[in-house]
Structure formats: C-alpha cells, structure tokens
1. Under the condition of being within 26 Å of the chain's Cα centre (by Cα) and not hydrophobic (A, V, I, L, M, F, W, C), which residue from segment B:491-509 is farthest from B:W55 (Cα to Cα)?
2. From B:S94, B:S117, B:S108, which residue is in the same structural domain as B:N212 (by TED's automatic domain parsing), part of a loop (DSSP other than H, G, I, E, B) and either over 19 Å from B:S189 (Cβ atoms) or in contact with a Lys or Arg (Cβ under 6 Å, 6 or more places away or on another chain) (or both)?
3. Please state which one of A:V6, A:V46 is assigned to a strand (DSSP E or B), over 25 Å from A:E158 (Cα atoms), more than 8 Å from chain B (Cβ to nearest Cβ) and out of contact with any His (no Cβ under 7 Å at 6 or more places or on another chain).
4. Exactly one condition in (1) modelled with pLDDT of 95 or more; (2) open to solvent by 40 Å² or more (accessible area, probe 1.4 Å); (3) under 30 Å from the mean Cα position of the chain (by Cα) is not met by B:I429; state its number.
5. What strands (runs of 3 or more DSSP E) lie completely within segment B:551-615 and have 2 or more residues being more than 14 Å from every other protein chain (Cβ to nearest Cβ), of a type in the set (A, V, I, L, M, F, W, C) and in contact with a strand residue (DSSP E or B) (Cβ under 7 Å, 6 or more places away or on another chain)?
6. Being surrounded by 24 or more Cβ atoms within 10 Å (Cβ to Cβ) and assigned to a helix (DSSP H, G or I) is the filter here, so list the residues in segment B:12-51 that pass it.
7. For segment B:290-302: of the residues being in contact with a helix residue (DSSP H, G or I) (Cβ under 8 Å, 6 or more places away or on another chain) and not in a loop (DSSP other than H, G, I, E, B), which is nearest to B:G271 (Cα to Cα)?
Amino acid sequence: MQYVIVGIGGQGILFSSRVLGHIALSKGERVVGSEVHGMAQRGGSVISHFKVGDYNSPMVKAKEADVLLAFDQNEAVRNLHFLKQGGQVVVNTHEASFVDNPSLKSWLGERDAKLRTILGYDILKKHMGGRFLFLNVLILGAMCGAGVGSVSIDEVREAVRTLAPARFVEDNIRAVDLGYEGTR
Amino acid sequence: MSTKAILLGNEAIARGVIEAGCEVAAGYPGTPSSEIIPAIAKWADELGTRTVVEWGANEKVAFEMAAAASFAGKRSCAVMKQVGLNVAADPFMSVAHFQLKGGFLLISADDPGPHSSQTEQDSRFFAMFAKIPCFDPSTAVEAKEMVFDAFDLSERHNVIVMLRPSVRVDHCRQDVELKDVIDISRPASFEKDPKRWVCLPSSVKVNHPQLNAKREAVREEFETKFAKYNFEVPAKGKAKLGIIAAGVSFSIVTDILKSWGVDNVSILKIGTPHPLPLKMVEDFISRHEDVLILEETYPVIEMQLNDRTGVKGRWNGWVPGAGELLPEVIEEILCKVTGRKAPEGASPKLKKAMEELNITPRRPMLCPGCPHRASFFAIRQTLPKAIYPSDIGCYTLGVNQGMVDSVVDMGASITQASGLYMAYKVDGIEQPIVASIGDSTFFHMGLPGLASAVYNKHVFVLAILDNNLTAMTGGQSNPGIGDKLRDGDTGRKVDIEGAVKGCGVKWVKTTGAYDIAGSRALVKEAWEHARTHEEPTVIIFRHPCMLLKEKQAVVPVMVDPEKCIGCKFCINYFNCPGLVFDEKLKKAYIDERFCVKCGVCINVCPHGAILGTEGEEA
C-alpha cells in the first residue's frame, strides 16, 4: 500500500504519516517513507511518501500511489500524477467547485480514480473554533469515512490517542471523528 | 534485548551513535542533518549514557571539538550538512592525516536536488579528496548499522571515517531495530606527543604516505570483509545488463525492477564508495556486456575506475549530471538502457486542468506573523535605493519582498556589504547598503566579517534579525539563546549586542521588529551615522520566532474593500500568506486559513485599507 500525502508547509502533514506508521508497526508491517524538512516547510508545497509492505525505496513513483491524501486542493491536483490506475484521493477543500473542472473530471475518469472532498476549514471553524491545526487528523478520519486506505477508524483513534500530546488528545479525537462523519 | 520503532533516518543514525558508545558529539544544524544532534541527546537521556552532545557555533568549531575528543581517546562524532563540511574543510583535511586515537565519525548529510541547500555537492568526493573511508547508506536501517562499523574501522586504522547519508536516508521513516548500548567507555587520556598532534610540515612527510597506506588497507577490507554493504544481487540466469548502484539509487532501482517483474539484470550494490573495492567492481564490469552506474550526485565510483570507457554513467551522458535521481529519473534511464518503452510524461489533461484552475507550485514564504517580514518592510520603506546583501536562514525568503539581492553562504551578508562598499568607493559614489543576517548565522560566521568591516571602516548598516532561534532548520539553539541539549545541561547566553560592541562597532541599537515606525526611524539614523562617521552600524531587530508560539497580542484584521484600490502594494512589499489578492475582484483580502492576527499589516497599506477589527475576536 503506497500513500502520498501532500499539503502546504506548516499544515502538520508529518503527523499524519506518523499515525499511519504507528498503526503499521503495531500490525507488524514493514514501512518506509520519505518526508520534507527544511525550507519547503516554510509555507511551500510539501509532500510525504509512505509505503507499507516489502519496499526498499522511500519514495512512491509516479502512477503507483494507492492513496493521495491532500491537505490542500491545489496541491492535490499538482500531485495527481502519483495516482495509480484505480487510485483514491481524499482532499481537504476550500472551494469545492474545483472538482467540476471538465479536464480534471475527464482525467479522473480515465484513471478510474475516486476523489472525495471534505470542507475541513469550514468544519473546524464551525465545530472547533477555527483551530486549523487539527486538519492533519481530520483528514485521516475523512479517509476512513470514505473507506479509503488500509487502516480502520478505530486504529486511527487508537494511534492518535497514543501519539498526540496529552492535553490535546480529546480535541484530536474530536477532529478525527468530525472527518469521519464528514465523508461517511 | 531489541525492539522495533519507526524512526526518522536521522533518529536511527543518532541511535546508532549512542549504541556504538560514542561519548562526545558536536554539530551545527543544517538540512538534511539537523535532527541528528538533538536525537543523539534524546537517546543519551533515554539510555542514561554520559555522552556530551552540543551545538558548536559553526561546523568548523563542532568538527574541531569532536576531533580533539578523539585525540583524548573518546569515541566522538561531528555532524553537519554537505555545505557545512565546506566550512569545516580546513580541520577536516588536516585531521585526515592524523593518527587518531578514539574512533572519529564524521556525518556529512547530502542534499541532492537540492531541497534546502545552495549546492548539491557530493560529500563522498570530499572523502576521496581527503583520502578517508566513506560509507554510503541506502536505507535508515543500513545507516544505523554502518555507524557501528565506521567507529570500528576508524579505531582500527586510526583514521576519520565519513558516513554520507543523503536527504532520502536522513528524512526517510522506517522500522528500525533498537539495541542496547555497547559499553566501551574509557577514561579521557590525552598523551602529549607533538609529532602526533601538531600538524607541522615535517609530520606531513610521515603522515601522508601513512594515509595512503591506510587507504589501501581499508580498500582491501572493503573488497573482502564488508559483504553486508558491498554485494551482488544476481540475475536469474545470465545477465546482459549489470547495474552498479549506491545509496538511495540502489533502493529505487531494486523497487523498480521488482515492480516490472524483471529478473535478468544483476546489481552490484556498493555501500563503501571510497576507497572503492576496485577488484570487485572491475570483476563485475568484466562479466557484463552492458554496465550502468547509478550514484548521487557526482561520479565518485565512476571516476575511481581505471577504465570507465565501457560503462554507462555520467561521463557519457547516460545519467544526468545534475539533480536528484528520483524514481522517475531512474525509470527513464532504465528504459533507455534496456530499450523498454518509456512511460508517458505529464498528462496534457492534468496540465490543462492546472492551467484552468490557475494552480502553480507554492513557493516557500516567511510564516504568517514572522518578525523578519516586518523588519524587511521597515528597511525597504526607509532606504528603497539600498543594495540588500543577505544570508542563509529563513530570512533568505525576504527575496519575495525584494529585500534579498545576493546570498552566497553563511556570514557573507556582512562581507558582501564590505565588498560592495569597496566597489562603489573606487568610483567615489555613496551607495546605501543594508545587510541582513540572523542571530545564529551571526555567531556562525558573521563575527570575523564584522571585525574586518570595523577595522577597514566600511560604510553600511547591518540588520541582525534576532528571533531567538535557529529557525529554518526546525528550531535549534545557538550561543545567543544559551539552551543546551541534554536534560539538566545548562549553557550561558552570549549577548549579541556585547559581541557587536566587542568587534568595535560604535553605533548599535535595538528595535522591536513589529514596531515598523520605530524601526524606520532607527534605519534612517543608522545610515546617517554610518555615512557621516565612515563606519558600519548595527540594528538588532528583536521578536521571537513564530515557531516558539510565545504569547503575543491578538489583533484581528480585515481589508476594507471600499478603501482597497487593488494596487498590490501589500502583496509585493509585505508578502504574507495571510494577505492575498483576489484577481477577480481586484482587491486584497485576509485569508483566515493562514492569518495569525499579528496585526502588523495594519501599518502597511498606504491607503489605510487594512483595519483592526478589535472586539470581534473571542
């Protein structure tokens, strides 16, 4: 199972791959992935690769990702080339209308790709006082809600409980659940 | 007992350093190496070792500290990024000749691409230049294992050994086995022996031939005793094509061939690129009709061959001479070499969608609320005709605000200001110059340039942007902060203003970075003083880095669409992720996804269109 997680520096995407890693390890699976640190973390495009199974290379090759998790819709479109035939995309959206673009629709059709969106900013504004830092766990919940990826919502909850800083555990779980409900 | 954990490559390397009984570690942060030193401290705390682990003010300082600990018999290591080794090149080249005592590991992390560097130079070349052994890991697991062997090799041959992880090893995440610490602790004992520890020309006459002999002895070991790093992955049946692969390229090429289901290619994996196990490599070449060499970033293996005319590599253009060997790049090379149909390039439909949706890659920007943005704005408003040499750090991103005209390397903001002053002085022209440098970079290599500028009476203003953090690399400490790495270890804060005065600067003043009006008045005064007194002046702009998340006033803002005339002044001069331009409405607006409500932009709009909305915020 190969994941590509994309977003903008500062959105906390590294935590999402840590959660996936924790789950894989608890199941005794081999994992390898690649992260971005340094200059790009300052608001630039960031990408994280994550592979579960018998792989050596930390990077996902174009057209091989099973799942593309996007914290930002523009970054989602920019990285769609990673998606394999029949791959799945979960996107945090700020303007949902982008999915109506005919070229994009047609490309997704050709690739037999499923794309699910979640209005993460709106949800966090409405339910969590606009604390957008919780996007990283909200999107994991959304992934499970959409039935995408290789982890269950219970596994995500459990891993987030273990990895999140103690005083933010409940908020994190709430964001996971909001994401889950948002795409179910 | 051993357990498994998912670690960042750099955490795995650090774990190896502690498990191998290293007692002194020093480094300077730089992507992709930055996480190693803090992780060494973390593991040392967790495992209760006595290891002393510290940041040096720069890589030369760190290297020399670690080297001297080896003179005293301790296992030691120095950690830096590839361009950091340029800074430490002087002691590196000298110490390579020494008959060392404690095992001495140099970790130099490379950045092919580059992702966060000013060059994509290959540290393995430096190992070859210094004639020392080098390990080149393909995975985090292997990097950790190599740390043990590097210390062992270093102690057996009394020579520095380099571990060269590239960014994809440093920043990979992998399941890694954790082991216990080997207890090799021995008392520090420096034995006085000038012939051994003083690098006189007369010693070089002995040490250089000895270094050559060490290299050949290590080469012999690499030929025969390091099968875990140098091995052949044989093809099924007779292979026409043989691939020699090192570093991450090995991991990538094996994954690609596996996904293709191709098994008639044999691979020679080289984990010790210098000194190259030449017999092994030449034997492999002789057994294959066609040979491809994949290594990053320079042709280090290739250039050590006695005859490379029969191989496909960088010398004959089969492998690109610049850039990272990404999976897609290696796939394309493999397709060319094997005559396989190349995969289709970028989809025209996706390209069209991106054009229609107006999607471009996001460039890195200073964080919302970053104090540097406000400092740069104040300087440019006051001295718009100045030349702005700058430096390495987050503030290099001031290029987006037209506030970074030239950057060379750490500390060069000051020396460039000097050089520019000298150039205009020749023509008798008074040219305003404002250099900018961060707090950590100032201590790293700013001090010698400043002393030189005072001595030579160079006229410019130096802006020291003190955000109380080494921020670009993720938030490390430095002498200006005073925090140290291990639990219970305390340092002392070195005062920037005192250091500036100590260099002989007569005019130095401090301003709050968010106080744009106050900063503007100081910039004006500083330049007036510099030109009338013929000397450099220094302004210290202070405000904590946003990464520190210190409490500050919350000032929600809005753009009044009635007052906004769409001039884009705020976008071009202030350049904040929280302040964006609506191309349809031709108005600026606050993007609440990113705005941190610092309120600084209220003072930016010349038309008064950015307003505080006090009272609306809970």
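1. In this case the residue turns out to be B:D495.
2. Details: B:S94 fails: part of a loop (DSSP other than H, G, I, E, B); B:S108 fails: part of a loop (DSSP other than H, G, I, E, B).
Exactly one residue qualifies, and that residue is B:S117.
3. Unique residue meeting the criteria: A:V46.
4. For B:I429, the exception is condition (3).
5. Of the strands (runs of 3 or more DSSP E) lying wholly inside segment B:551-615, those with at least 2 residues that are more than 14 Å from every other protein chain (Cβ to nearest Cβ), of a type in the set (A, V, I, L, M, F, W, C) and in contact with a strand residue (DSSP E or B) (Cβ under 7 Å, 6 or more places away or on another chain) span B:557-559, B:610-612.
6. Listed by number, the residues that qualify are B:A12, B:I13, B:A14, B:R15, B:G16, B:V17, B:I18, B:I36, B:I37, B:I40, B:A44.
7. Pass one, segment B:290-302, residues in contact with a helix residue (DSSP H, G or I) (Cβ under 8 Å, 6 or more places away or on another chain): B:290-296, B:298, B:300-301.
When the remaining residues are screened for being not in a loop (DSSP other than H, G, I, E, B), the result is B:290-294, B:300-301.
Numbers: B:D290: 21, B:V291: 18, B:L292: 16, B:I293: 13, B:L294: 12, B:V300: 12, B:I301: 11 Å.
Out of the qualifying residues, it is B:I301.
Conditions tested, residue by residue: (1) surrounded by 12 or more Cβ atoms within 10 Å (Cβ to Cβ); (2) at pLDDT 95 or above.
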| residue | (1), (2) |
| --- | --- |
| B:V169 | yes, yes |
| B:I182 | yes, no |
| B:K192 | no, yes |
| B:L200 | no, no |
| B:A213 | no, yes |
| B:E232 | yes, yes |
| B:G237 | no, no |
| B:T254 | yes, yes |
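The values are calculated or read from the model by the stated rules, or taken from the named source; none is laboratory data. Since the model is a prediction, treat every value here as computed from it, not as a measurement. Cβ sites come from the backbone with ideal geometry, for glycine too, and all protein chains shown count toward neighbours. We work out accessible area using only protein heavy atoms, side chains counted, and drop any ligands, DNA or RNA first. Shrake-Rupley method; radii C 1.70, N 1.55, O 1.52, S 1.80 Å.
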